Amino acid sequence: MTSAPQPANPDDLIILLAVARTGRYTAAADNLGLNHTTVSRRIAALEKALGGRVFSRAPGGWELTDLGRKAATVAERIEESLAGLNRTPDEADQLAGVVRMSATDGFSAFVAAPAIARLQQNHPKLSVEIVTAARRASQHRPGLDFEVVVGRPQVNRARSIRLGSYVLGLYGSRDYLAKHGTPDSVRAAMNHPLVYFIDSMLQVDDLDAPRRLLPAMVTALGSTNVFVHVEATRAGAGLGLLPCFMANRHPDLVRILPEELEERLGYWLVARPESLRQPAVAAVVDALRREARTREAELMGRPDRRVVPTGT
């Protein structure tokens, strides 16, 4: 006779949820304070109890199966019920926990930071950790709840949310232009040194597009950090391809040939559906979307009163 199936252990369901959100056993183990072997053993026990596989191997990590998605839905209800046990009536609507995200330097500083600070005024128990990087999207990035990337992401089994657009323009410092002259054409601009990303280390195709506007321009100073681009341009290292919403904050920087040299790029958020169902993650994502809409004109470089007319 076949033995009757055993009921699933609620603790194992919570472990399943951690693996589903990170795509990695090791990352889930770190988040839960367990070791990798324990996580693997508990998932095996859950699969035995449920009578099937809850995860399948994907190129970038582990993905939920149909059975796993059903189990994750139950696990989310358990997680929310357990969280409710520790809340007082005054804390019922409070968000708590740690949300981990990655984003580019500029977005992190000028969009994410103020949006999160305002959110935390009403939810002081919410903590957000930001990893800054300019890289391709991967919904399997261990330990992260979501990523904000430049350019429409090409990912599977993840949700992509467009946050908004921003504009890159060519800038020079007033002192640099007084000394070397203001280019009056794209060809003239290519005679100047460039400040931008390091070509060999650039991982984002959309960030490579603006470089093709100035193919003959020689990079004088390259960096993986956009704040370095801004400060190097201000210091006179050359002409910088800079986000307008960052460059326009500095009166010593002037925009050159805005009609000819402009590149519009998009900010996209990428997350697993399981992560977006977490109340804290959903609240942070909503705050970022609202902040990006509020700052739309600034991100697009409008109004820009420091445009330099063409001519030397």
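The values are calculated or read from the model by the stated rules, or taken from the named source; none is laboratory data. Quantities reported herein were computed from a predicted structural model and do not represent experimental measurements. As a convention, Cβ positions derive from the backbone with ideal geometry for all residues, glycine included, and neighbour counts pool all protein chains shown.
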- Message: Checking the structure you have, find out if any residue of the stretch 186-196 is of a type in the set (Phe, Trp, Tyr) and modelled with pLDDT of 95 or more.
- Response: no
- Message: Yes or no: the stretch 180-189 includes at least one residue that is under 20 Å from Met300 (Cα atoms), acidic (Asp, Glu) and not assigned by TED's automatic domain parsing to the domain that holds Arg57.
- Response: no
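Within the stretch 263-279, can one find any residue that is among the basic types (Lys, Arg), under 13 Å from Tyr171 (Cβ atoms) and part of a strand (DSSP E or B)?
No - not one qualifying residue is present in the stretch 263-279.
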